[in-house]
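Okay, structure first, notes after.
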Amino acid sequence: MKVGVVLPMGSHGGPPDAWPGLRGFASRAEAVGLDSLWAFDHVLFRFEGQPERGVLEAWTILSALAQATSRVELGSLVLGLRLRNPALLAKMAVTLDEVSSGRFTLGVGAGWHDPEYEAFGYPLDHRLGRTEESLDLLMPLLREGRASAHGQWVQARDAALLPAATRRIPVLGAGRSPRMMRMIARHADAFNAAWVARPSDAVLRERMAAFDVACSEVGRDPAGVARTVGVSVRYPDAVLAGPSPDPAKNLAGTTQQIAAGLRAFADAGYAHLMVWLEPMTVASLDRLAESVALFRGT
């Protein structure tokens with residue numbers, strides 16, 4: 001099982017982390033042997049009764065990290081498909097995969113935070129319809145290198161990816177609704193659910209069971225889609241809430257206890273964990289690396 005970390009993009013308190021700090025975090029994650037780095041895709045957070053908060057833009061960060069790192073895998077967790085033209089996104093994915101020497105995973109979803117879409121001028125209507133039409137163009141372009149689309153919201157006329165992709169870029173999907181799960185089941189190589197602390201968590205079991213149903217509905221063998229999980233790891237010096245205010249959704253404890261938690265996911269058959277660290281610091285990376293080494297027996 002691979003273990004990666006979510007990057008400190010600035011969404012969980014205060015201004016966005018400066019690039020030098022983020023680059024140092026990424027370099028340390030690679031140095032201590034973690035498998036992957038994940039950028040989430042937002043442009044602005046506006047919640048009622050809270051100060052507005054900003055984040056660094058995901059694609060720019062991933063492109064920069066393609067050159068700032070050399071081994072660690074890079075992925076989006078996940079790109080909001082309504083934020084980018086899907087034909088151009090396919091071109092961007094092929095280019096980033098080439099720049100990173102085949103280290104990129106394209107994670108996609110529908111997006112959920114309406115205030116940022118409204119603020120940046122994106123329509124809010126037909127969220128899943130627009131997402132589905134985007135996938136129906138994006139995936140043939142990635143897999144075949146050429147496609148057209150004549151949808152209500154997405155159009156393309158003989159779009160071609162030249163130069164062609166040098167490998168089959170992995171596509172990961174995340175979503176909760178039955179319709180979104182069917183889209184992922186139809187197109188993706190991997191499915192992601194987040195944020196949880198253990199494989200026995202009811203919400204994780206329910207989502208994986210629902211995804212099995214979605215696979216059956218579209219005629220796909222559920223075993224043919226890798227399962228990945230976003231896991232919140234919380235250390236005693238954390239001061240921010242992290243991805244969930246519910247303490248039960250945090251994996252916490254000693255190095256040995258966190259290693260046992262990771263082992264439980266591996267034993268349950270999960271292919272990849274994306275860890276949200278609290279605090280998101282180099283010291284936390286070192287502590288996580290100790291737990292990873294312990295559960296792997298290295």
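No value in this document is a laboratory result; all are computed from the given coordinates. This one's a predicted model, so the numbers in the text were calculated from it and none came from an experiment. Neighbour counts run over all protein chains shown; Cβ positions are idealised from the backbone, glycine included.
Full extension of the chain between residue 124 and residue 237 yields a length gain of 36.8 nm, computed as 0.36 nm times the residue separation minus the alpha carbon distance. Computed from the Cβ-Cβ distance with R0 of 51 Å, the FRET efficiency linking residue 44 to residue 267 stands at 0.80. Positive-end ranking of 283, 272, 51 along the dipole of segment 2-296, with charges on Cβ about the Cα centre, is headed by 272. With each label modelled as a point 7 angstrom along the Cα→C-beta vector, the residue 296-residue 52 pair spans 4.3 nm.
Relative contact order of the chain: 17 percent, from C-alpha pairs under 8 Å at least 6 residues apart in sequence.
What separates the Cα centres of segment 178-202 and segment 76-153 is a distance of 18 Å. Using Cβ point charges alone (K and R +1, D and E -1), the dipole size of segment 2-296 about the Cα centre works out to roughly 520 debye. Estimated from helical segments only, the mean residue ellipticity of the chain at 222 nm is -12500 deg cm²/dmol, where each DSSP H run of four or more residues counts as -39500 (n - 2.57). So which DSSP H runs in the chain come out at 20 Å plus along the axis (Cα) with average Kyte-Doolittle of at least -1.0? Span-like helices, by this rule, are 127-144, 202-217, 282-296.
Annotation: peptides 144-156, 202-214, 81-93, ranked by per-residue average of other Cβ atoms within 10 Å with the highest first, follow the order 81-93, 202-214, 144-156.
Neighbour counts of C-beta atoms inside 10 Å place 166, 255, 105, 69 in the sequence 166, 255, 69, 105, starting with the fewest.
Can you classify segment 225-298 as rounded, prolate or oblate using the Cα gyration tensor, where a ≥ b ≥ c are the square roots of its eigenvalues, rounded means a/c under 1.5, and otherwise it's prolate if a/b beats b/c and oblate if not? Cα axes put segment 225-298 in the oblate bin.
For segment 88-144, chymotrypsin sites (Phe, Trp or Tyr not before Pro) are listed when DSSP marks them as loop and at most 16 other Cβ atoms sit within 10 Å of their Cβ; the list is 112, 120. Between residue 255 and residue 164, the contour length at 0.36 nm per residue exceeds the alpha carbon distance by 28.3 nm.
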